[in-house]
Amino acid sequence: MREVLSTKPTKIFFKNRYDKIESIIALEPDISTHLPTFTPRIRALLENKQELFIYEGEGVAPIESCLKKYDFKALCVKDLDRYLQQKSFKGIPYPQRELIEAFVELYELNTSRDFTLCPPYFMKKMAELLGERHDDCK
């Protein structure tokens, strides 16, 4: 569960993989609410059909911070490390570039706010980057 805050009244619809509504949670303005975190089996949608990605992390996450999907499973830590050292994408495949940009963006956001987002594989890739081990890129 993750504590989330909305500045206006909001309904969140939780749907299963068959697009059936499992539950509806109404958020009151400026009152934080504990919501289930992201899983591929259950989708969270706002009333306007915009999907939410509620990730683990610290602090109270504003609902606006839950609108972007992050998935770092395919991120090659060797390419990330090369980019961080060289500040250049030279020699790094295009799909990795997008993942690296998203990873760096999220890292910078996490260090500049009073809450953090930890989507799937973020902490694992961070640990690899800091020297636990590097998986081979495919």
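Points worth noting:
- Global geometry of the stretch 3-57, whether rounded, prolate or oblate, following the gyration tensor of its Cα atoms and the 1.5 cut on a/c: oblate
- Max mean-square fluctuation residue, GNM over the chain, Cα-Cα springs under 10 Å, options V60, V104, V77: V104
- Element breakdown for the chain at a 1.4 angstrom probe: carbon and sulfur atoms account for 53% of the accessible area.
- For L27, residues with placed amide H under 5 Å, excluding near neighbours: T10, K11, I12
- The amide H of L35, built 1.01 Å from its N in the peptide plane, has R2, E3, V4 as neighbours under 5 Å, considering only residues 5 or more places off or on other chains.
- Rg/Rg_globular for the chain, with Rg_globular taken as 2.2 N^0.38 Å and Rg from C-alpha atoms: 1.18
- Span-like helix ranges in the chain, DSSP H, alpha carbon extent 24 angstrom or more, Kyte mean at least -0.5: 94-112
- In this structure, the residue pairs whose Cα-Cα separation is over 18 Å, taken from K73/K125; K69/K90; K8/K49, are K69/K90.
- Once backbone amide H atoms are built at 1.01 Å from N, E56 has F38, C118 as its partners under 5 Å, excluding neighbours fewer than 5 places away on the same chain.
- Accessible area per residue for the chain is 63 Å², calculated with a 1.4 Å probe on protein heavy atoms, without ligands, DNA or RNA.
The values are calculated or read from the model by the stated rules, or taken from the named source; none is laboratory data. Source: prediction; values computed, not measured. In case anyone asks, the SASA skips ligands and DNA or RNA and just uses the protein heavy atoms, side chains included. Shrake-Rupley method; radii C 1.70, N 1.55, O 1.52, S 1.80 Å.
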